[in-house]
Amino acid sequence: MGTLPFVLPFAELEVGQHLYWQIGSLRLHGQVFMTSWIVIGALLALVVVGTQKMERDPRGVQNLLEFLWDYIRDLARTQIGEKAYRDWMPFIGTLFLFIFVSNWGGALVPWRLIKLPSGELGAPTADINTTVALALLVSLSYFYAGLSRKGLRYFEYYVHPTPIMLPFKIVEDFTKPLSLSFRLFGNILADELVVAVLVFLVPLVLPIPVMFLGLFTSAIQALIFATLAAYYIGEAVEEHH
Amino acid sequence: MTSLLLFGATEGGLFDFDATLPLMAVQVVLLTFILNALFFRPVGRVVEEREGYVINTRAEAKKRLAEVEKLEAELREQLKEARQAAQKLINEAEQDSDKLYREALALATAEANASREKARREIDSQRESALNQLKVDSEKLGDLIVERLLSVK
């Protein structure tokens, strides 16, 4: 798509352009890694600051961290179940926090002020590579969760209530990561595009409600991704009777 | 042309898969381990310690409350007993003092009676002796009168 025919100084639309880094024979999307490092850095800074001096009466950032922890624990516990949620809580929580901070960072930080030779900075989750990586990690984890908890009996799940389910369950293993990754990618990219197009067409006032809507979808998408990941893991470790 | 670029046929595009994918996966796995060590474990420890503390404190408070209620009942019982004992003591003391009063009264009455009796007897004996004396004197006087009369003759 490149740039549209006429160009305003503050609004420019670039889709599908990347800042390529070449490491050996590997090609990387530099802008994705740059923002993801900022996201990870922000997360780690928050966590390190909040866990510095933890007390029984929480103060300052510790309150926020405990709220997040409690929220993630509830999410993991309701989806995975009492028995196995402790093992998977860090993974679910990391997914949630990483996606949430990525999405909101993409929506809130004026990345455009930083000029790149090619492509532009934005939410790491607006790149298909990131979302597919996350979705494949979820697939691997639920296989690992099922196999490590139940051994080969995990595959009973494929013929669970009747063997007729077998082809559907096999198809599900492919559709799960596909839907997870495309849902997140599509929502975040679409949000960025809508805002960009609106800013491009009507640079004042009008984009603001859409930006708020974007913040809302961003948060919801993070929650949906984490909840579904937890649900898949919970499905894999669940005992059938 | 546009759609071709969008779907990443050659260079760039939205669906441009490359080494970003596995490296991002590795990055997220690393982040999971780091957050587990820096966030989930320590915060979980603090939260669970607090939950344990709250549960313990509540149980202890309940126990103490029960103890206090038991003690209160005991004290109330003791108070009742003490009141009853005091009442009994007062009654006894009243009875004692009453008895003492009666005894003292009886003693005093008896003493008074005795001394009155003694006085009466004394009066009686004195009167008697006076009477005797008078009798003797009158007899003497009579005799004397008779003698004088006889001697005159």
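The values are calculated or read from the model by the stated rules, or taken from the named source; none is laboratory data. Since the structure is predicted, the reported quantities are computational estimates derived from the model, not experimental observations. So basically every Cβ, Gly included, is an ideal-geometry build from the backbone, and we count neighbours across all protein chains shown. Keep in mind that these areas ignore ligands, DNA and RNA; they rest on the heavy atoms of the full protein, side chains included. Shrake-Rupley method; radii C 1.70, N 1.55, O 1.52, S 1.80 Å.
Summary table
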{"read-out": "Conditions (1) free of Cβ contacts under 8 Å to residues at least 40 places away in the same chain; (2) on the phi < 0 side of the Ramachandran plot; number of the one not met by A:K150", "value": "(1)"}
{"read-out": "Breaking point among (1) loosely packed, with under 12 Cβ neighbours inside 10 Å; (2) more than 7 Å from chain A (Cβ to nearest Cβ); (3) at pLDDT 90 or above, for B:Y53", "value": "(2)"}
{"read-out": "Residue within the stretch A:224-232 that is surrounded by fewer than 16 Cβ atoms within 10 Å (Cβ to Cβ), of a type outside the set (G, A, S) and under 27 Å from A:Q17 (Cβ atoms) present", "value": "no"}
{"read-out": "Test: residue in the stretch A:30-50 that is open to solvent by 10 Å² or more (accessible area, probe 1.4 Å), over 24 Å from A:I128 (Cα atoms), within 9 Å of chain B (Cβ to nearest Cβ) and modelled with pLDDT under 85", "value": "no"}
{"read-out": "Test result for A:R149, exposed (fewer than 15 other Cβ atoms within 10 Å of the Cβ) and either over 24 Å from the mean Cα position of the chain (by Cα) or modelled with pLDDT under 95 (or both)", "value": "no"}
{"read-out": "Residue check for A:I164: under 28 Å from A:L68 (Cα atoms) and not aromatic (F, W, Y)", "value": "no"}
{"read-out": "Filtered residue count, the stretch A:189-241, keeping only those that are of a type in the set (A, V, I, L, M, F, W, C), in a helix (DSSP H, G or I) and over 21 Å from A:N129 (Cβ atoms)", "value": "21"}
{"read-out": "Single residue of the stretch A:106-132 satisfying the filter (crowded, with 23+ Cβ neighbours inside 10 Å and free of Cβ contacts under 8 Å to residues at least 60 places away in the same chain) that is farthest from the other protein chains (Cβ to nearest Cβ)", "value": "A:T131"}
{"read-out": "Answer residue from the stretch A:76-90, given it is outside any loop (DSSP other than H, G, I, E, B) and either open to solvent by 20 Å² or more (accessible area, probe 1.4 Å) or of a type in the set (G, A, S) (or both) and is nearest to B:V47 (Cα to Cα) among those", "value": "A:R86"}
